[in-house]
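One structure below.
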């Protein structure tokens, strides 16, 4: 089965005033995910701006042309990493990206910004 | 150059109360785009729910693994079809999906919900 990617917006401000000295909350989220225990087949990628600025922190789950893409927002680097890992693992275990509703973590059920159908 | 697809959410309610007798605003948008003069290489596809319900009507522009994907929302079937066609045409003319900012229609500049990087 093809691997999946967690695309993490590294420029998200998450509503906090910008501080040139401090890393952005989006970068904090990428760092927190890098420190987490990701299953095989799950790749992390930092992206400068997912254009979801009013709903940062944000991530996009992609898994090739056969899977639905999902975008999630309003994520908290200090709180949501375990649920993101759980949800990404469930997504990686599917062929088409469609995880049964009850198996999705609560943040994926409630904080979806958009989904995009497979391109093949 | 690979063709592109305008994925139109047909189930969007656009904040109006649901009326079982009337077509949904998302379906109206699909119909209005079907009646428009789309350039070669631009395909329309109706999709049941892009999970952008609080920002309907919504569309997603996709163009294969080499292009960025863009999701736009708060679209009006009666007002925005010419700009959607213009923006989709400009998107179709790129290799990577990145249209220079000034060449994007205003609704694409102001009503972006998310963008997703190329998967290759």
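State which residue is farthest from the other protein chains (Cβ to nearest Cβ) when the search covers only the range A:52-73 and only residues that are surrounded by fewer than 18 Cβ atoms within 10 Å (Cβ to Cβ) and either at pLDDT 95 or above or under 19 Å from residue A:120 (Cα atoms) (or both). Taking the candidates together, the pick is A:66.
Scanning the range B:64-101 for residues that are assigned to a helix (DSSP H, G or I) and closer than 23 Å to residue A:56 by Cα yields a total of 1. Applying the set (1) under 23 Å from residue A:113 (Cβ atoms); (2) assigned to a loop (DSSP other than H, G, I, E, B) to residue B:39 leaves exactly one unmet item: (1).
Scanning the range B:1-51 for residues being farther than 27 Å from residue B:93 by Cβ, more than 13 Å from chain A (Cβ to nearest Cβ), surrounded by fewer than 21 Cβ atoms within 10 Å (Cβ to Cβ) and within 15 Å of the chain's Cα centre (by Cα) gives a total of 3. When the range A:102-120 is filtered for residues that are over 23 Å from residue B:57 (Cα atoms) and within 12 Å of chain B (Cβ to nearest Cβ), the ones remaining, listed by number, are A:104, A:120.
Looking at the structure I just gave you, is residue B:96 more than 11 Å from every other protein chain (Cβ to nearest Cβ) and touching a residue at least 40 places away in the same chain (Cβ under 8 Å)? In short, no.
The values are calculated or read from the model by the stated rules, or taken from the named source; none is laboratory data. No experiment lies behind these values; they were computed from the predicted model shown. So basically every Cβ, Gly included, is an ideal-geometry build from the backbone, and we count neighbours across all protein chains shown.
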